[in-house]
Amino acid sequence: MNIVDVKNLVKRYGTTLALDHFNMEIAPGEVFGLLGPNGSGKTTAINCILQLLTYDKGSIELFGEKMSPTRYDLKRCIGVVPQNVAVFEELTVRENIDYFCGLYISDAAERRACVNDAIEFVGLQDYVKHRPKKLSGGLLRRLNIACGIAHKPELAFFDEPTVAVDPQSRASILQGITAMSERGTTVVYTSHYMEEVEEICSRIMIMDKGRTLAIGTNAQLKIMTGIGERIEVDVLELPEAARAKVQGLDCVQSADYDGHVLRITCGNGQHNVSDVLGILRTFDVTPGRIWAEPPTLNDVFLEITGRDLRD
Amino acid sequence: MWNTFKYTLLWLVRSPGIMVWSLLFPLVLTSVFIAMFGPLDDMAQLEPMRVVVVEPDDSVEGQAFKAFIDATSEGDDLLLDPTFVATADEAADLVRKNADTDDPYIGYVTLEQGKPHAYVVGEISMGGLENLKCSILALMLDEYTARAYLAEELVSADPAALADPTVMKALFEPMEATVQMQVTEGQPKESTRFYFALLGMAALFGGGVGLAACQRLKGNTSALGARRTIGATSHARAVAATLAASWLLSFACLAVAFAYMEIAGGVSFAGHEGACLVVVAAASLVATALGCALSAIPHLPEEGKNGILTGVVCFASLFAGLYGQPTMELADTISATFPAADIINPATQISQAFYSIMYYDTAGPLAEHLGILCVMAILLFLVSASSLRRQRYASV
Ligand SMILES: Nc1ncnc2c1ncn2[C@@H]1O[C@H](COP(=O)(O)OP(=O)(O)O)[C@@H](O)[C@H]1O
Ligand SMILES: [Mg+2]
C-alpha cells in the first residue's frame, strides 16, 4: 500500500494550468524529494493532497483511503510544514507549538510531552517565551517546523523548509528530517536546492510546469540523463589537435579550452580522467591542477528542466 | 475545541490593534463624555417630591385641594410625598429644620383664600434636579388653580353641570395628563442619549474582534489560515470556538466600558445592572456577527473590511444620535419618517435597549429590543454561514 497515491491530478488557476495530469506514489518510510523550479506546481500539489485546494480532475488517496476535507482521521496522521512561515505573531514559541499540536492531540498531558519533544527537536529551548517577531529567520523556520511536526505524524510534508535559512540551521533541519525518517515517518520534501534533496532523499521526482519529468533514486536519475563527471585541467598551452583528440573520446560530450583551463564534460563512464590525461601526455602537455567532479543532481536538473532562467 | 478557544482569546487580547478599538476607544470616549456632561446620577428615577402640606380647612376648596394632594401621592407613579402639618409656621419650621439633612423637603404648600401657594427652599442651594422638582410642583399648583377657577366659573354659570360626571372628568383628567407629561419629558437629560449611543457605538466597534478572528480562520486569507484549515480539528468546532472567544472578548470589553460609565461616569443603572449585562451580551453578539459577516466578503483585504466596519459603526451611530444636537434632530426626523431605519440600525437598538431599562417599568420594550438584536445576529451569521463552512478553495 502506498502512503500517498495521486493519480492524474489536474489543477487550474483560472487559465493557468498548475498541475497537468500529475502522478505521485510514495511508499511507507520513503524520504521523497519533490524537485522543481519555482512555479512548477510543488506547493499546489501538496495543497491539493491536503484538500485545501479544489482540483479539476484526478484522485488522491492517503494511507490507502480516499482523501476529503473532512477525513480528520487521515489528517491526524499528517504533518505539514508550509512554505511560508505560518504562526500566530501574538503567541509565544511554546504557545504556537501547543496550539498547532492541539489541532491533532486533545489530551493535555500527551500534548505537553509532544510540545517539549518538538521544542527540543528544533533546538528552541532558549526561546520558548519569545514571540515570533523576536526570532531570527532561521529560528522562525525552526518554529514553523516544530508547529508542523509536534504531533509526531506518520506522514510529513516539508515545503521548502530551508528557504532563507543560515547554513547551520539548514544542516540541523536536514538532520532532523533524517532523524524523523529513521523513526519511521514518511517524508515528502520539496525544494529547488538540489544538494539538499540529493543529501536526504531516497527517491526524487523532478517536475516542471505541473508535470512529472523524471523519477528515481539519485543514481538512477544521473544514469537516466546520461550525465557523467566534469573535469577541469589547468594547462598553459594546448595544441588544438590535442583538444580535438580529447573531444573525440567516446565518453566526452564537450571539451573547451580558454587559454588557461580545459573544461570537459563527460557522459557516464569509468576511466574518463586517465583517458584524458593519457592524451595530454602524448602531446607533451604538462597539466597543472586537475579537478574532477562527479555529476550532481543540479546537472541532472538543469539537463531535464532546461537551462532557461527562471524567476 | 477548548484549545482553539483559549488561544483565540489569547491572541486577540494581545493584539493591540484589536484592543485599542474594542476597549481603549470606548473608555476614552466615555471619559470625554464625562468631561463634557458631568456625572449622570441625576438620571435616576425621579423620586416623589417631599413637601410639607399645611392641612387645609373643611371648606369646599379645602376638601378639593386635599383630594388633589391625595391623588398625586398615591399609586405607583406618585409625585408627592406629603407631610401634613397644622399651620404655615410649623410647615416653615419643618422645612428649615430638614434643609441640611440627607432628605430635605423642597418646600411647603398651603391653601390661602382658596388658592394654593408653594414656598420652596431657595434655588441657589439646590442642584439641577431640585430645581426641576420645584418647577414641577409650581406647574402642578398652577394647573390646579386654573382648573379650580374653571370649575368655579362653571358652577356659578350652571350649577347643574357639576352633577354631570363627564364634565367632572373633563375637568380633572387633563390636569393629570399634563402633570404626567411634564414629569416624564423633563426627567432624562439630553446627555443620557449620548451615553447610550456611545454604548451602542462601543458595542459595534467590538465587531472588530469577530472580524479579525474570522479572518484568521479562513484558509484563503493567509498562510496561517491555510495551515489551520488543514489541521485535524473539525472545522465546525474551530468555528464555534472562534466565535465563542470573539463574543466573550467583545462582551468583556463592553462590560468594562459599561462599568466605567457607571463607576467613573456616575451613570446609575439603579439595580438594573443584570438587565444591562444582558443587553451588553446581546450587543456584543450582534457585533461578533457583524464582524463575522464582514469577514465573509470575498476578494477584499482585511484592511478594507475593517474600513467598512468603521464606516458602518460611525454611520449607525450617527442615526443613534451620537454626534450632538443637530444630528440628533436629523436622527429623530429620520426615525419619524422611516421607522424601519431604527429597526435595522443595531446602534439604535442597543442604545434604546439601555434606554428602556432605565425608563420603562415593564420589560416589554426591553424584550422587544433584545429580540430585534438577536434576530439581527442570526441573520448576520446566516449571511456568513457559507463562507464560514468553507474548507476548500479554488486558490489560496
Ligand atoms: N493562488 C494562485 N492563483 C493563480 N495562480 C497561482 C496561484 N498559486 C500558484 N499559482 C501558479 O501556479 C503555478 C504553480 O505554483 P506553485 O505550486 O506555487 O509552484 P512551486 O511551489 O513549485 O513554486 C505557478 O505558475 C503559479 O504562478
Ligand atoms: Mg512552492
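The values are calculated or read from the model by the stated rules, or taken from the named source; none is laboratory data. These figures come from a predicted structure and were not determined experimentally. Note that each Cβ is placed from the backbone with ideal geometry, even for glycine, and that neighbours are counted across all protein chains shown. Remember, those area values only see protein heavy atoms, side chains included, never the ligands or the DNA or RNA. Shrake-Rupley method; radii C 1.70, N 1.55, O 1.52, S 1.80 Å.
Think of segment A:41-151 as a dipole: +1 on every Lys or Arg Cβ, -1 on every Asp or Glu Cβ, centred on the Cα centre; then among A:SER106, A:GLY64, A:ILE149, A:ILE149 lies furthest on the positive end. Model label points for A:GLU25 and A:GLN247, set 7 angstrom from Cα along the Cα-to-Cβ axis, are 4.5 nm apart. Each label point was placed 7 Å from the Cα along the Cα-to-Cβ direction; for A:ASN8 and B:LEU277 their separation is 6.3 nm.
Mean per-residue shielding of peptide A:250-261 is 0, counting Cβ atoms of other chains within 10 Å of each Cβ. Build a GNM of chain A with springs between Cα atoms under 10 Å apart, and of A:THR185, A:THR286, A:THR54 the one that fluctuates most is A:THR286. In segment A:4-223, a dipole from Cβ-located charges (positive for Lys and Arg, negative for Asp and Glu) runs towards its positive end, and of A:VAL122, A:SER40, A:PRO161 it is A:SER40 whose Cα lies farthest in that direction.
If you plug the beta carbon distance of A:THR178 and B:GLN325 into 1/(1 + (r/R0)^6) with R0 = 60 Å, you get a FRET efficiency near 0.20. Convex hull volume of the C-alpha atoms in segment A:1-67, normalised per residue: 77 Å³. With protein chains left intact and a 1.4 Å probe, residues in segment B:243-372 average 42 Å² of accessible area per residue. Partners of B:LYS115 within straight-line reach, counting aspartates and glutamates whose Cα lies under 15 Å from its Cα and excluding those fewer than 8 residues away in the same chain: B:GLU55, B:ASP57, B:ASP58, B:GLU61, B:ASP142, B:GLU143, B:GLU152, B:GLU153.
When chain A is treated as a GNM with alpha-carbon contacts under 10 Å, the residue of A:ALA18, A:ALA241, A:ALA179 showing the greatest mean-square fluctuation is A:ALA241. Inter-chain Cβ neighbour count for A:80-87, averaged per residue, equals 4 (cutoff 10 Å, partner chain atoms only). With an a/c value of 1.5 or above and a/b larger than b/c for the gyration tensor axes a ≥ b ≥ c computed over the alpha-carbon atoms, segment B:311-370 is described as prolate. Once divided by 2.2 N^0.38 Å, the Cα radius of gyration of segment A:4-223 becomes 1.00. According to the Kirkwood relation over distinct C-alpha pairs, the hydrodynamic radius of segment A:83-152 is 11.6 Å. Can you pull the one-decimal nm distance between simple spin-label points at B:CYS314 and A:ASP73, each 7 Å off the Cα toward Cβ? Each label point lies 7 Å from its Cα, and together they span 5.4 nm. What pairs from A:LYS7/A:LYS133; A:LYS42/A:LYS152; A:LYS209/B:LYS305; A:LYS66/A:LYS152; A:LYS7/B:LYS305 go past 31 Å between their alpha carbons? Too far apart for the 31 Å limit: A:LYS7/A:LYS133; A:LYS209/B:LYS305; A:LYS7/B:LYS305. When peptides B:331-342, A:117-128 are ranked by their average number of other Cβ atoms within 10 Å per residue, the highest-first order is A:117-128, B:331-342. Note on chain B: antiparallel DSSP beta bridges, both residues inside, total approximately 40 percent of the bridges counted. Peptide B:150-157 has a mean of 0 when you count, residue by residue, the C-beta atoms of other protein chains within 10 Å of its C-beta. Distance between the C-alpha centres of segment B:336-396 and segment A:234-253: 86 Å, rounded to the whole angstrom. Remark: C-alpha extents of the protein assembly as shown on the principal axes read 153, 48, 46 Å, sorted largest to smallest. Put the Cα centre of segment B:262-330 next to the Cα centre of segment B:77-111 and the gap is 46 Å.
Sequence-ordered 3J(HN,Hα) estimates for segment B:95-102 from the Karplus curve with 6.51, -1.76 and 1.60 and θ = phi - 60° stand at 4, 5, 4, 8, 4, 9, 7, 5 Hz, glycine and proline given as x. Residues in segment A:186-198 carry Karplus couplings, in order, of 7, 10, 10, 10, 9, 6, 10, 9, 4, 4, 4, 4, 4 Hz; the curve used is 6.51 cos²θ - 1.76 cosθ + 1.60 with θ = phi - 60°, and Gly or Pro positions show x. Put a plus charge on the Cβ of each Lys and Arg, a minus charge on the Cβ of each Asp and Glu, and nothing anywhere else: the dipole of chain A about its Cα centre is then about 940 debye. Build a GNM of chain B with springs between Cα atoms under 10 Å: which of B:MET49, B:MET261, B:MET376 gets the top mean-square fluctuation? Highest fluctuation among the options: B:MET49. Placing unit charges on the Cβ atoms only, positive for Lys and Arg and negative for Asp and Glu, gives the protein assembly as shown a dipole magnitude near 4740 debye about its Cα centre. Residues whose amide H falls under 5 Å from that of A:GLY33, counting only those 5 or more places apart or on a different chain, are A:TYR189, A:SER202, A:ARG203, A:ILE204, A:MET205, with hydrogens built in the peptide plane. Checking every one of the GluC sites (Glu not before Pro) in segment A:191-241 against DSSP loop status and a limit of 15 other Cβ atoms within 10 Å picks out A:GLU237.
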